[in-house]
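Reviewing the structure listed below.
The values are calculated or read from the model by the stated rules, or taken from the named source; none is laboratory data. Computed from a predicted model, the values in this text were never measured in an experiment. Heads up, the Cβs are rebuilt from the backbone with ideal geometry, glycines too, and the neighbour counts pull from every protein chain shown. Note: accessible area is taken over every heavy atom of the protein model, side chains too, but ligands, DNA and RNA are not part of it. Shrake-Rupley method; radii C 1.70, N 1.55, O 1.52, S 1.80 Å.
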Amino acid sequence: MIIFIVINSVLAYSELIAQEVEHNYLVGPQFTNCDSLDLKGISAQESIKLIRNAKFRFDQSFKLTKKQGLQKGEFYSCDNKEGYLIIKYDAKEILLEKVQKSFWIELISSSDPEGLFIKRKKELSEIL
C-alpha cells in the first residue's frame, strides 16, 4: 500500500509540471524598439542606419557573391507580417517599406531571386 501512495504522488507531481510549462502562444523577443522608429523626413541612408540599429522581432539577410545585380537582401519586421526590405543592387542600397514577409520568403526561396525582385520591384514602396 505504501508503494501505491508513492506512485500516486509522483503521477500527480508530473501532471502539475506539465501544466506549468504548457502555453499556446509564440513569444517573441521582449526587448524590441522597432515600433518607435520614425523615418519621416530623413534620407534613405540615414533610415537604413536606424533600421539596422533597431531591435526587431524578425530579421534575416542573405548575401550573393556577385559584382553586379542583386548582391544582398535584408528584411526587418516588427510584427512578423510586413517590414523593411534593404536590397543592395549594383552596389547601391535601396530601402523598401511595408514589404510583406511572404514576399521575403518567396525571395529567399527563389531559384532566381534577382529575376523575382526585378519583376516585382514596381509593386514595392521605395523610400526615397
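Modelled spin labels at residue 105 and residue 81, positioned 7 Å past Cα toward Cβ, are 1.5 nm from each other.
Of the solvent-accessible surface of region 63-128, computed with a 1.4 Å probe over protein heavy atoms with every protein chain present, carbon and sulfur atoms account for 48 percent. Across the cross-link table entries 49/121; 72/119; 72/121; 40/101, which are compared at the Cα atoms, the separations over 19 Å belong to 49/121; 40/101. Note on residue 106: accessible area is roughly 80 Å² with a 1.4 Å probe, heavy atoms of protein only.
Fully extending the segment from residue 37 to residue 120 would add 27.3 nm, taking 0.36 nm per residue of separation and subtracting the current Cα-Cα distance.
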